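One structure is given below, encoded as structure tokens.
The values are calculated or read from the model by the stated rules, or taken from the named source; none is laboratory data. Here the structure is a predicted model, which means the values were calculated and not measured. Cβ coordinates were reconstructed from backbone atoms using ideal geometry, including for glycine residues, and neighbour counts include every protein chain displayed.
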Amino acid sequence: MDPSEVLMLIVEASLGLAGFAGVVTAVGQRSVAGLVELQRLNLVNLLAIAFGALFMSLGALALQSAKVDDATIWRIWSGVGIVPWSSSGRGACSPSVARSAWPRRCEARRS
């Protein structure tokens, strides 16, 4: 499979994931303001992952159309992609994210 085809597949899958999150929220007949904190966190994380994959794939496609070497694209986007994940501190059991649900969620995960 051509690398550009793989990147387009990632773009399509990430758009589908973001659309699925929107449909689930709409079918649940709740606005984002009506969600409990943990549900809102899950929705935001799902959208962040979907749009992160979307923009990373589109950026790689843009570099590929500029005739940049594939190995160089991987090096550049690996460096760009590691920054948000390493500096966010938004792990599943991070106490700064969902203080009210954090002890229960992390204790259940450890058991």
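Given the structure, is residue 9 at pLDDT below 85 and farther than 19 Å from residue 83 by Cβ?
Spelling it out, it is not the case that residue 9 is at pLDDT below 85 and farther than 19 Å from residue 83 by Cβ.
Any idea which of (1) surrounded by 15 or more Cβ atoms within 10 Å (Cβ to Cβ); (2) at pLDDT 80 or above; (3) closer than 30 Å to residue 2 by Cβ is the one residue 43 doesn't satisfy?
Here residue 43 clears every test but (3).
If you take the residues in the stretch 69-97 that are out of contact with any Phe, Trp or Tyr (no Cβ under 8 Å at 6 or more places or on another chain), surrounded by fewer than 14 Cβ atoms within 10 Å (Cβ to Cβ) and not in a helix (DSSP H, G or I), which one is modelled with the highest pLDDT?
69
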